[in-house]
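Novice: Right, I'll just put the structure down here and ask away after.
The values are calculated or read from the model by the stated rules, or taken from the named source; none is laboratory data. Keep in mind it's a predicted model, so treat the numbers as computed, not measured. With ideal geometry, Cβ positions are generated from the backbone for all residues, glycine too; neighbour counts draw on all protein chains shown.
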Amino acid sequence: MAHSTASSSAPAHLQHHFVDSDQQFESSKMGMWIFLVTEILFFGGLFAAYIVYRAWYPDLYVQASTQLDTFWGAVNTAVLIGSSLTVAMAIRSAQLNQIKGLIINLYITIGLAFTFMVIKYFEYVHKFEKGIFPGQYYTYEGIAHEKANIFFSIYYMMTGLHGLHVIIGIGLMIWLLVKAKKGAFSAEYYTPVEITGLYWHLVDVIWIFLFPLLYLID
Amino acid sequence: MSGHHISSAKFLWGIGFALFVLTFITVAVTWMHIPAPWNVVVAIGLAAIKATIVAAFFMNLYWDSKYNLMLLVMSFVFFFLMIGITLLDTLFRNDPVPAF
């Protein structure tokens with residue numbers, strides 16, 4: 001660790017408590033992975049609720065999931081996978097110092113994230129019009145199961161928390177876009193792009209599980 | 001360091017294409033009406049394959065420090081522990097139907 005001249009030659013993004021850029025990058029990334037672990041366990045609680053109730057009321061899930069439109073669920077899966085691809089391309093652009101490519105890929109990602117939320121909005125509104133609300137507010141008569149509201153409580157909690165993550169992701173992408181336009185990122189420093197990318201891919205992975213578990217039961 | 005793997009654009013598009021194909025297969029297998037519980041096994045299996053592809057090649061765990069992979073694996077270990085212990089209760093209740 002012969003970095004006696006580090007202070008004179010250190011890049012602007014390097015914080016003084018790191019030996020070099022690589023160590024700073026690896027530390028940030030590891031911190032993000034630890035956050036993602038807490039996210040997995042956060043959603044894990046809801047997956048646990050899903051599994052417990054599915055074991056108790058298997059017929060309920062088969063009946064209630066007929067209210068979910070597989071086509072739009074599949075479209076949203078494709079939209080999120082597409083946005084994961086553009087995030088991966090954005091990181092690649094940053095790594096190659098192609099800032100224009102980074103900005104374009106961030107714009108496409110934000111567009112796809114909005115597309116996801118618009119489709120989700122119409123799915124929710126369609127259910128609200130039928131009286132499919134969570135818990136005690138449930139008034140829909142079309143499912144012959146006394147616990148139908150339970151399925152939709154779980155549905156709204158899981159997709160709602162996921163949707164909140166997509167909205168936060170949009171905010172983070174806009175933040176990256178503003179910084180990228182100011183010239184903050186380069187091949188030497190793109191840590192925020194990398195770790196926001198990790199977050200976005202996790203949001204994609206959670207939807208990859210939610211889609212078959214909620215929409216494709218029958 | 002291991003953290004700066006740069007994938008080619010062709011490779012990333014290939015991964016994206018594989019995920020689109022697997023999504024189509026996930027939907028297509030439901031048209032075959034596989035009897036329970038195998039429909040759930042197939043659906044979760046396909047989702048797990050897709051998630052593994054995303055984690056390995058989009059989240060770069062394939063080239064990354066093994067420590068980050070361990071973090072992800074441990075999160076799943078503790079998730080399954082939570083599910084397992086919960087089901088040991090809920091699956092074996094004398095009165096399985098709760099008030100809520």
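Novice: State which residue is surrounded by the fewest Cβ atoms within 10 Å (Cβ to Cβ) when the search covers only segment A:117-147 and only residues that are in a helix (DSSP H, G or I) and within 14 Å of another protein chain (Cβ to nearest Cβ).
Specialist: A:Gln136
Novice: Right, something else. Among the residues of segment B:54-69, is there at least one that is over 30 Å from A:Asp20 (Cα atoms), at pLDDT 95 or above and not hydroxyl-bearing (Ser, Thr, Tyr)?
Specialist: no
Novice: Pull up segment A:96-116, narrow it to residues that are part of a helix (DSSP H, G or I) and within 11 Å of chain B (Cβ to nearest Cβ), then point me to the one that is surrounded by the fewest Cβ atoms within 10 Å (Cβ to Cβ).
Specialist: Per the stated criteria, the residue is A:Gly101.
Novice: Restricting the search to segment A:16-62, which residues are of a type in the set (Asp, Glu), over 25 Å from the mean Cα position of the chain (by Cα) and buried (at least 17 other Cβ atoms within 10 Å of the Cβ)?
Specialist: Within segment A:16-62, no residue meets the criteria.
Novice: So B:Phe11 ticks every box in (1) at pLDDT below 95; (2) over 20 Å from A:Trp207 (Cα atoms); (3) more than 9 Å from chain A (Cβ to nearest Cβ); (4) surrounded by 11 or more Cβ atoms within 10 Å (Cβ to Cβ) but one. Which box is left unticked?
Specialist: (1)
Novice: Would you check which residues across segment B:21-53 are exposed (fewer than 15 other Cβ atoms within 10 Å of the Cβ), assigned to a helix (DSSP H, G or I) and facing chain A (nearest Cβ under 9 Å) and list them?
Specialist: Hits for segment B:21-53 are B:Phe24, B:Ile44, B:Ala48.
Novice: B:Ser2 fails exactly one of the following numbered conditions: (1) at pLDDT below 95; (2) surrounded by 15 or more Cβ atoms within 10 Å (Cβ to Cβ). What is the number of that condition?
Specialist: Just one mismatch for B:Ser2, condition (2).
Novice: Taking into account only those residues within segment A:164-208 that are within 22 Å of A:Ser21 (Cβ to Cβ), among the aromatic types (Phe, Trp, Tyr) and surrounded by 14 or more Cβ atoms within 10 Å (Cβ to Cβ), which is modelled with the highest pLDDT?
Specialist: A:Tyr199
Novice: Within segment A:199-212, how many residues are over 16 Å from A:Met117 (Cβ atoms), out of contact with any Lys or Arg (no Cβ under 7 Å at 6 or more places or on another chain) and within 7 Å of chain B (Cβ to nearest Cβ)?
Specialist: 4
Novice: While we're here: Condition first: within 14 Å of the chain's Cα centre (by Cα) and small (Gly, Ala, Ser). Now tell me which residues in segment B:21-53 satisfy that.
Specialist: The answer is B:Ala43, B:Gly45, B:Ala47, B:Ala48, B:Ala51.
Novice: Given the structure, is A:Ala74 assigned to a helix (DSSP H, G or I) and either under 23 Å from the mean Cα position of the chain (by Cα) or within 21 Å of B:Leu61 (Cα to Cα) (or both)? Steps first, answer last, please.
Specialist: Values: assigned to a helix (DSSP H, G or I): yes; either under 23 Å from the mean Cα position of the chain (by Cα) or within 21 Å of B:Leu61 (Cα to Cα) (or both): yes.
Against the criterion (assigned to a helix (DSSP H, G or I) and either under 23 Å from the mean Cα position of the chain (by Cα) or within 21 Å of B:Leu61 (Cα to Cα) (or both)), A:Ala74 qualifies.
Novice: Return the residues of segment A:83-95 that are facing chain B (nearest Cβ under 7 Å) and not charged (D, E, K, R); say none if nothing qualifies.
Specialist: Scanning segment A:83-95 gives A:Ser84, A:Leu85, A:Ala88, A:Met89, A:Gln95.
Novice: Restricting to segment B:60-93, give me the number of residues that are of a type in the set (Ser, Thr, Tyr) and in a helix (DSSP H, G or I).
Specialist: Matching residues across segment B:60-93 total 4.
Novice: Please work out which residue is nearest to the other protein chains (Cβ to nearest Cβ), limiting yourself to segment B:54-77 and to residues that are under 12 Å from the mean Cα position of the chain (by Cα) and more than 25 Å from A:Thr86 (Cβ to Cβ).
Specialist: Applying the filter and picking the extreme gives B:Phe76.
Novice: Test of understanding: among A:Ser65, A:Ser93, A:Ser83, which residue is touching a helix residue (DSSP H, G or I) at 6+ places or on another chain (Cβ under 7 Å), at pLDDT 95 or above, surrounded by 17 or more Cβ atoms within 10 Å (Cβ to Cβ) and within 25 Å of A:Leu214 (Cβ to Cβ)? Break it down into steps so the answer makes sense when it comes.
Specialist: Details: A:Ser65 fails: at pLDDT 95 or above; A:Ser93 fails: within 25 Å of A:Leu214 (Cβ to Cβ).
After ruling out the rest, the residue left standing is A:Ser83.
Novice: Among the numbered criteria (1) among the charged types (D, E, K, R); (2) out of contact with any Gly (no Cβ under 9 Å at 6 or more places or on another chain); (3) modelled with pLDDT of 95 or more, which single criterion is violated by A:Lys120?
Specialist: Of everything listed in (1) among the charged types (D, E, K, R); (2) out of contact with any Gly (no Cβ under 9 Å at 6 or more places or on another chain); (3) modelled with pLDDT of 95 or more, A:Lys120 misses just condition (2).
Novice: In this structure, is B:Gly16 farther than 17 Å from A:Phe209 by Cβ, among the small types (Gly, Ala, Ser), modelled with pLDDT of 95 or more and touching a helix residue (DSSP H, G or I) at 6+ places or on another chain (Cβ under 6 Å)?
Specialist: Here the answer is yes, as B:Gly16 does meet what is asked.
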